[in-house]
Amino acid sequence: MPTLGEGVLDWNSDGRVLTAEQKAFYEKNGFIVIKNCIPLYELDRYKRRFQEICESPKGAFPEMTIMRDVSIAKSEFKAGEKAITKLQDFQNDEVLFDFCRYPVVVDTVKDLIGVPTSNLCAMHTMLINKPPDTGSLTSRHPMHQDLHYFPFRPADFIACAWTAMEKINRANGCLVVVPGTHKGQLLAHTYPKWEGGVNKAYHGIQDYDPNMPRTHVEMDAGDTVFFHPLLIHGSGANKTDGFRKAISCHYANADLCKYIDIRGTTQEDLSLEIADIARKKMARAGMDKESLENFEIDYADIWRARARAVNGTRANL
């Protein structure tokens with residue numbers, strides 16, 4: 001099997017911000033934690049913006065996907081920040097998108113996915129507000145690979161930057177990774193059979209072996225973990241009384257990545273589910289029922305709508 005990024009990425013030389021040793025660690029393990037990437041004053045700005053969005057009238061941000069934990073969604077409505085467990089697709093919000101443009105984050109990503117001075121694209125943006133677990137364990141996230149969600153390749157030229165917005169440890173549900181699994185294949189995913197229920201689109205690897213050696217990624221506010229889209233990872237339940245916040249962006253090398261046809265693959269069922277979510281967003285935005293029923297949604301088009309250039313142009317994306 002070819003090595004990660006063979007022929008394009010240089011893992012033996014210092015990068016813009018990463019040393020050759022740090023790059024080699026990522027190449028071997030599929031992730032690396034960089035301390036103090038984002039200053040606290042920037043995190044405070046993102047938190048204030050998140051709170052503003054949460055307290056805005058329903059439907060004020062139609063382009064964003066605003067989610068509640070399944071255990072909260074089944075209870076009476078709760079207003080404000082505590083009602084929202086995940087905010088996705090903030091690529092058009094200039095305050096939150098500043099995270100995706102933050103220089104140290106961008107330069108680190110460029111060292112990992114072979115982007116020159118231009119044509120780096122933000123593909124998926126997310127702010128996670130993991131709630132205190134209600135006892136049903138729905139606040140955990142099953143072990144999965146992010147590439148399961150993406151209709152673009154090659155995987156070696158995609159990377160996530162995931163920043164802790166406060167201290168994150170095993171008690172409040174830190175990330176759990178299986179080092180080295182980024183060198184494997186995309187595995188089949190489905191919903192886990194959890195008694196307490198599973199959040200929408202929280203797919204996990206079928207037949208996952210819980211005995212695989214795992215690493216708990218504990219972080220301080222501002223620390224950022226960068227990881228490969230094939231890396232097997234998940235997160236535990238939040239067993240504290242507070243909400244655990246993190247902000248993330250998946251990037252792609254827009255010169256080398258292209259959309260692929262996922263029909264007939266293990267990703268097809270997921271694409272239909274995501275398309276259904278997109279139709280519901282269109283309905284909330286005012287599209288009538290008949291038009292929605294006749295509207296064909298291409299999975300790649302959903303991702304084209306999410307993408308935004310960070311440097312240069314979107315090129316192939």
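The values are calculated or read from the model by the stated rules, or taken from the named source; none is laboratory data. All values derive from a computational prediction rather than experimental measurement. Please note: Cβ atoms are built from the backbone with ideal geometry, for glycine as well, and neighbour counts cover all protein chains shown. The protein model used for the area step is the full one, side chains on, heavy atoms only, and it has no ligands, DNA or RNA in it. Shrake-Rupley method; radii C 1.70, N 1.55, O 1.52, S 1.80 Å.
Compactness of the stretch 78-152, taken as the C-alpha radius of gyration over 2.2 N^0.38 Å, stands at 1.39.
Placing a label point 7 Å from the Cα of residue 241 along the Cα-to-Cβ direction, the residues of the stretch 130-160 with a backbone N closer than 19 Å are 130-136. Protein heavy-atom accessible surface, 1.4 Å probe, per residue over the stretch 105-239: 33 Å². Across the chain, C-alpha contacts under 8 Å between residues 6 or more apart give a mean separation that, scaled by the residue count, equals a relative contact order of 27 percent. Close amide H pairs (under 5 Å, H built 1.01 Å from N) link residue 17 with no residue at least 5 positions away or on another chain.
Taking all protein chains as shown and a probe of 1.4 angstrom, residue 67 keeps an accessible surface of around 40 Å².
FRET efficiency for the residue 216 to residue 14 pair, using the beta carbon distance and R₀ = 35 Å, is estimated at 0.75. When the residues 166, 273 are ordered by accessible surface, computed with a 1.4 Å probe over the protein chains alone, the sequence from largest down reads 166, 273. With R₀ fixed at 41 Å, the C-beta to C-beta distance from residue 275 to residue 40 puts the FRET efficiency at about 0.55. The C-alpha atoms of the chain occupy a region whose extents along the principal axes are 55, 45, 41 Å, arranged from largest to smallest.
Adding -39500 (n - 2.57) for every DSSP H run of four residues or longer, then dividing by how many residues the chain holds, sets the calculated 222 nm ellipticity at -7000 deg cm²/dmol.
When 46, 149 are compared by accessible area of protein heavy atoms, the largest-first order is 149, 46, using a 1.4 Å probe. Rounded to the nearest 10 square angstrom, residue 156 shows an accessible area of 40 square angstrom against a 1.4 Å probe. On the protein heavy atoms, probe 1.4 angstrom, tell me the percent of accessible surface of the stretch 142-239 carried by carbon and sulfur. Carbon with sulfur: 50 percent of the solvent-accessible area. At a Cβ-Cβ separation cutoff of 4.7 angstrom, cysteine residues of the chain with no neighbouring cysteine are 37, 54, 121, 160, 174, 257. For residue 304, the accessible area of its heavy atoms, probed at 1.4 Å with every protein chain present, is near 90 square angstrom.
Residue separation of residue 21 and residue 258 scaled by 0.36 nm, minus their Cα-Cα distance, works out to 82.3 nm of gained length. Sorted largest first by accessible area at a 1.4 angstrom probe radius, with every protein chain in place, the residues 190, 65 fall in the order 190, 65. Considering the stretch 150-243 at the alpha-carbon level, its Rg and Dmax are found to be 14.2, 40 Å.
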